[in-house]
Structures are given as structure tokens and as C-alpha cells.
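Okay, structure first, notes after.
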Amino acid sequence: MTLDIDFVRAQFPAFDEPTLQDQAFFENAGGSYTCAPVIARLERYYRQRKVQPYGPYEASRLAGEEMDEARTRLAALMGVATDELSFGPSTTQNTYVLAQAFRQWMSPGEAIIVTDQDHEANSGPWRRLADEGIEIREWRIDPETGLLRLEDLESLLDEQVRLVCFPHCSNVIGAINPVVEITAAAHAAGAFVCVDGVSYAPHGVPDVGGMGPDIYLFSAYKTYGPHQGIMVIRRELGSLLPNQAHFFNGDVLYKRFTPAGPDHAQVAACAGMADYVDALADRHGIGGDASERGQGVHDLMRAHEEELLQPLLDHLKGRNAVRLLGPDVAAQRAPTVAVALNRPAIEAAADLADWGIMAGGGDFYAVRPLKALGIDRNKGVLRLSFVHYTRREEIDKLLNALDDIL
């Protein structure tokens, strides 16, 4: 089955925006374009429902129903229970709240495993618990490849480990980590698992229920939605951790780890993300329940991305003055491609802008993995990231621009 790219792009108003014409967007890892159903729901909420939700009057009742719809439909797409999904202001803040819950639950001398492959959001909050007597063990990447090796994790696991934190894929290395195998190893050692899915979720709704992690986090604004953090906490773990919200919300799983009230309009608008997945499923004849449709769309997106990604990897891997981070095989990674150059990456990004290529240069809050790979933070990396709405013609335009600036 081939992705109907014309249908896909018709769902994103940005492609009809005059100010964005002739611009090829290759900084999707920093935030994707927003799909039309999300924009429509957000506008409707602000126009018609901008009242305190869950009240007895019509506008309030509809406001609450739309918020509940977002939670119900997104949870179904990910194969988890509705109350196991919650919203927060960002993934970084959601992780910080979780870290505080683990700080209260754990005892000094117990351990948490983190990686040096992570974006700082899924590393820093956990590392700070060392100040509370929690042992922090670092699962380190191979300094040549940037990959995490399962055997290295197994050497860190013992009866003191309570939590293993790692990314589904890194926002600069791009390699897709084997969540199922890592989760199984951690669970066998008696530890829970927290997966940062921020850099993976834009490439297809993750099957959290099937993969088995206890926590899965990602950002709606990188998955065609509004600026919200989406957090799955499985019930077994959620009931063990101390309540971080108002005491009277402690019995409600999806409220336990949201200390502040959510942004009502943006939560409601997240249902538009499910609208978009359903529209793609219908267009391509993908049937089944919500989870099956979500996985069918996931596979469709990934197939399109891989087809476009391999030529870019082939173009970069043979250049002497370029260090490609992560695998050079499209099936093994997300289309988030970072390269280290012999000059500051932000300069290269500026040169690409002259070609109508929107890309970024810097460290992207991935300071630890860049350091582990021996990359000068002052130079950073040039990051070229795309998603399923990218056309082959835009890849060709990027390749021509790279030929010029490199």
C-alpha cells in the first residue's frame, strides 16, 4: 500500500500558506505542522466552549465531553486503558512530576538507570534524584556508533534497580531502540520502565499496550497537535506512586500526576490527532479496532519515510567532511538525521535557508549524547528531520542544497 501524499498534504493548512511556499520543512523533530482537524477543534473550543468544563450547562458539558473524547480516542489508538493516559503542559514537566513521585516512593540506596543517549528531558529530572540518595546508573552508548547495547544494560540491572529510563529513539542519533526487548529485560529484573517517545511518536502512533513499558511520554506538538505533553502510566505503577495532585484527585489515575489543571482547549483539540489518523485509515482502507487502525497508519507512514530516508543517508555517509550520527540503514532509524561538520552547524543551516530549506543547527538539548560521541558542542550538529508528509521532490531539493553547501 502506498501513502496518498496528496491527500496527506491536503490535511495540513501550512502547505497552502503563502508565506511557506517554496520552503521545504526539515526541522520536524523540533515540532511538526499542525493538522487541520486539530486547528478546527481548537478554534471551535475557543469560540464555543471556552468555559469551565464539566458543568451542568450546555457549553460546559460539551467542553468536558470533548476533553474526554481526546483521552478516550488517543488511549484506544495506543492500546491502553482510557484512565492510563493523561495530559500535561509538556513532556519535560510531566517527567519532572514523575521524578518527584519516584523520589517519594524510593528509598536511599535504590537505583534508577538512565542513558546518555537521551534528550535532557528524560535524563535530567531523574539524575537530580542523586541529591536525595538515589543511585543513578548510566547506560552508556557506544562512542563510535551512538547505539545502546542490551548487554550493557543487563550488566547494570540488579535487585536495587527500580526504574529504567531510555528513549524510543534519540533526537540526534535517530536509532530506534528495541523497546520490547529492553522492557522485558528490565521487568525480569523487577524494574519498571519509562520510555521517552518524543522523537518516535511523530512517525506513527506507538503501540504502547503491545510494547509493554510502564510509562510512555511524548509531545502532541510534534505529532501534528497542540502544545501538550501526553503521558501513559500503566495502572499497576500509577497506583504505587504517591499522588502528586490535589488530595481529592488522588483516586483518579489520570489526575494523580497532573498537579496543575490542564489546558482545556488544547486537551480537547488533541482529539483532532485521532481524527487525522482515522482519516488516513479510511483513505487507505485500513480497518479493525482503533489500535489496529493506528498501527496500520503507523506502518504506512514508516514505509513512506524509509523510502525517502535511504537516499539521504546514502548521500551523507560517503562524505569525508561529514560525520553521520546513527545507523545508515533507513529501517533501523527515524528520519531525524544529524551530521557533525567541520564548522558550526548553525552556519550550515543558514546556508540551507538560502535554498528554501528549513533546518536547524545546534545541540538540540542532546548535550550528553553529543559529548559521548566526542562532538564539539560549540559546533553542534546539523539536523535534517522529516515526517510522512514530506515529498520526494523536497528530498531532491535538499540533496541539491547539500551538494552546494557541503
Report, by chain and number, residues whose modeled amide H sits under 5 Å from the one on Q228, excluding near sequence neighbours (fewer than 5 apart, same chain). A220, Y221
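From the square roots a ≥ b ≥ c of the eigenvalues of the alpha-carbon gyration tensor of the chain, which class results: rounded (a/c under 1.5), prolate (a/b over b/c), or oblate?
oblate
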Using a/c under 1.5 as the rounded threshold, could you call region 21-111 rounded, prolate or oblate? The axes a ≥ b ≥ c are square roots of the C-alpha gyration tensor eigenvalues, and prolate needs a/b larger than b/c, oblate otherwise. oblate
Give me log10 I(q)/I(0) at q = 0.08 Å⁻¹ for region 42-274, Debye formula, one equal scatterer per alpha-carbon, no solvent. -0.29
Theoretical gain in end-to-end length, A350 to D376 [0.36 nm per residue, Cα-Cα removed]: 7.5 nm
Show me the ranking of peptides 315-321, 333-339, 264-270, 232-238 by mean Cβ neighbours inside 10 Å, starting with the highest. 333-339, 264-270, 232-238, 315-321
Label-point separation (nm) for N342 and N249, each offset 7 Å from Cα along Cα-to-Cβ? 5.5 nm
Between region 104-152 and region 3-81, how far is it from one alpha carbon centroid to the other, in angstrom? 34 Å
For D158 and Q332, FRET efficiency with R0 = 30 Å and r from the beta-carbon atoms, rounded to 0.05? 0.50
With label points built 7 Å along Cα→Cβ from the Cα atoms of Y54 and R140, find their separation and express it in nm. 4.8 nm
Please list 3J(HN,Hα) in residue order for region 96-104, calculated via the Karplus relation 6.51 cos²θ - 1.76 cosθ + 1.60 where θ = phi - 60°; whole Hz, with x for glycine and proline. 4, 4, 4, 4, 5, 5, 5, 4, 6
Relative contact order computed over the chain (Cα-Cα under 8 Å; 6+ residues apart), in percent: 23 percent
The distance between the Cα centres of region 388-406 and region 258-291, in whole Å, is 31 Å
Whose amide H sits under 5 Å from the amide H of V193, counting only residues 5 or more places off or on another chain, with H placed in the peptide plane? V164, D214, I215
Who wins for biggest fluctuation among L352, L20, L42 in a Gaussian network model of the chain, springs between alpha carbons below 10 Å? L20
How many nm separate the modelled label positions at A40 and I405, each set 7 Å beyond the Cα in the direction of the Cβ? 3.6 nm
When every alpha-carbon pair in region 86-198 is counted, what percent end up more than 18 Å apart? 46 percent
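What is the Cα convex hull volume of region 275-402 when expressed per residue in Å³?
On the way: hull volume 16.3 nm³, N = 128.
Cα convex hull per residue, to the nearest whole number: 127 Å³.
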Multiply the residue gap between S239 and A303 by 0.36 nm, knock off their C-alpha separation, and tell me the result in nm, one decimal place. 19.2 nm
Top positive-direction residue, dipole computed over region 42-274 with Cβ charges, set A185, H264, W105: H264
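From the square roots a ≥ b ≥ c of the eigenvalues of the alpha-carbon gyration tensor of region 138-289, which class results: rounded (a/c under 1.5), prolate (a/b over b/c), or oblate?
Oblate shape, in that a/c is at least 1.5 and b/c is the bigger or equal ratio.
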How many angstrom lie between the C-alpha centres of region 169-217 and region 154-168? 13 Å
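The numbers here are math on the coordinates, done by the rules we state, and not lab data. On a predicted model such as this, the values are computed, not experimentally measured, just so you know. Heads up, the Cβs are rebuilt from the backbone with ideal geometry, glycines too, and the neighbour counts pull from every protein chain shown.
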